[in-house]
1. How many residues does segment 112-131 contain that are out of contact with any Ser or Thr (no Cβ under 9 Å at 6 or more places or on another chain) and without any contact (Cβ under 8 Å) to a residue 24 or more places away in the chain?
2. If Ile113 meets every condition in (1) at pLDDT below 85; (2) not assigned by TED's automatic domain parsing to the domain that holds Ile12 apart from one, which number is that one?
Amino acid sequence: MYWLVALMSFAILGLIVSGILLEWRPRFVSRIRPWCKPALGTQLAVFIGAQFALLLLGIQDAFANPEDVAAVAGEMSVGMGLAIIGVGIPTGLSTIGAGIAVGPIGAASLAAITEKPENLGRTLIYLGLAEGIAIYGLVISILLLNKI
């Protein structure tokens with residue numbers, strides 16, 4: 001399994017180095033254009049193949065044996081770990097949604113305030129409503145956490 005991790009690390013490092021090289025030296029792209037796209041495609045194919053192989057070959061290492069779970073009472077089970085992840089999902093998604101909502105609302109409120117400064121209170125209300133989306137997700141996560 002270590003060879004798969006090494007292969008994936010090599011593929012990621014190759015993609016990063018290729019991206020940095022092509023970003024810093026745009027003139028270099030015209031000289032390597034014949035092999036640039038196939039090389040990046042090959043590295044991406046190796047990376048995806050290594051991920052699937054790691055998933056298929058390393059799946060047994062990810063699951064705990066029932067004997068090990070019974071021997072160590074303080075460890076978490078897979079189900080409890082998935083439940084904890086499920087509790088965090090509403091907070092994460094609602095925070096992303098609030099960030100998407102606050103961006104345009106903040107820009108529009110800033111433009112409205114520059115034209116009419118007396119509209120500050122209204123724009124803060126709209127901004128607060130958009131920010132409330134994240135608070136709703138946090139409340140749902142707290143309620144779900146109490147059910148576990």
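1. Keep residues of segment 112-131 that are out of contact with any Ser or Thr (no Cβ under 9 Å at 6 or more places or on another chain), which gives 114-118, 121, 125, 128-131.
Keeping just the survivors that are without any contact (Cβ under 8 Å) to a residue 24 or more places away in the chain gives 114-118, 121, 125, 128-129.
Residues flagged as out of contact with any Ser or Thr (no Cβ under 9 Å at 6 or more places or on another chain) and without any contact (Cβ under 8 Å) to a residue 24 or more places away in the chain within segment 112-131 amount to 9.
2. The single condition Ile113 does not satisfy is (1).
The values are calculated or read from the model by the stated rules, or taken from the named source; none is laboratory data. Owing to the predicted nature of the structure, the values given are computational and were not obtained by experimental measurement. Here the Cβ is made from the backbone with ideal geometry for all residues, glycine too, and neighbour counts use every protein chain on show.
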